[in-house]
1. Within the range 121-144, track down each residue that is free of Cβ contacts under 8 Å to residues at least 40 places away in the same chain, within 27 Å of residue 94 (Cβ to Cβ) and surrounded by 15 or more Cβ atoms within 10 Å (Cβ to Cβ).
2. Taking the stated definitions as given, is residue 173 free of Cβ contacts under 8 Å to residues at least 60 places away in the same chain, on the phi < 0 side of the Ramachandran plot and surrounded by 15 or more Cβ atoms within 10 Å (Cβ to Cβ)?
3. If you check residue 207 against the conditions, is it in contact with a helix residue (DSSP H, G or I) (Cβ under 6 Å, 6 or more places away or on another chain), modelled with pLDDT of 95 or more and more than 22 Å from residue 142 (Cβ to Cβ)?
4. What pairs can you find where one residue is in the range 51-63 and crowded, with 18+ Cβ neighbours inside 10 Å, the other is part of a helix (DSSP H, G or I), and their Cβ atoms are less than 8 Å apart, with a gap of 6+ or different chains?
5. Which of the residues that make up the range 68-98 are farther than 20 Å from residue 176 by Cβ and touching a residue at least 60 places away in the same chain (Cβ under 8 Å)?
6. Here's a check for you: in the range 148-170, which residue that is touching a helix residue (DSSP H, G or I) at 6+ places or on another chain (Cβ under 8 Å) and surrounded by fewer than 16 Cβ atoms within 10 Å (Cβ to Cβ) is nearest to residue 17 (Cα to Cα)?
7. Could you check how many residues of the range 155-184 are in contact with a strand residue (DSSP E or B) (Cβ under 9 Å, 6 or more places away or on another chain) and over 16 Å from residue 119 (Cα atoms)?
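The values are calculated or read from the model by the stated rules, or taken from the named source; none is laboratory data. No experiment lies behind these values; they were computed from the predicted model shown. In this analysis, Cβ positions are derived from the backbone assuming ideal geometry, glycine residues included, and neighbour counts consider all displayed protein chains.
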């Protein structure tokens, strides 16, 4: 008997944040933001910017040396994640307008009562950039935890590798019901855009394909 069940759709923080950036970016950035989002949907290969690689290397150093060594600012970040479980996978299935959706993400630092996410930047402009994204909402809902902290490490411009400040942004989640409603609305808004742009097929069959690496 032929199986007509629809495949589960995948949602990550990065895909929703890329869509959010496309909607709010300045007109001069729109073409670049659109191409970047389409490339993500189609899982096209890309070469990470050197500052992105620096961020990955910094996080790895924090995990390996949490609580010891490094500069004052490095120790500040490392001390705040000491004792956590690193790079823990979170998953949760929800329903969005009749479709099964898998929420998926990896936690930088997981504690019994809170989540800590490490960010790096060369241009810190306040909390709005981080609180306007989806990571804290999705991760709190998937984990069932109510506390989420961003640790933002500010670096001097590339290629210098000097950390000059650390900022902490704290978020406290509402009820699971409120989080779910917010997530469902955000996902459906993204799906409406995909359908208008005739990209839903690529999203369903390429980005959401479980045989592809996540």
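1. The answer is 129, 130, 136, 140.
2. Criteria met by residue 173.
3. Answer is no for this residue.
4. Between residues of the range 51-63 that are crowded, with 18+ Cβ neighbours inside 10 Å and residues that are part of a helix (DSSP H, G or I), the close pairs are 62/74; 62/77; 62/78.
5. 71, 73, 74, 76, 77, 80, 81
6. 168
7. Residues meeting the conditions: 5.
Here is a yes/no grid of residues against (1) over 21 Å from residue 104 (Cβ atoms); (2) modelled with pLDDT of 95 or more:
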residue: 1; (1), (2): yes, no
residue: 5; (1), (2): no, no
residue: 11; (1), (2): no, yes
residue: 17; (1), (2): no, yes
residue: 30; (1), (2): yes, yes
residue: 35; (1), (2): yes, yes
residue: 42; (1), (2): no, yes
residue: 45; (1), (2): no, no
residue: 51; (1), (2): yes, no
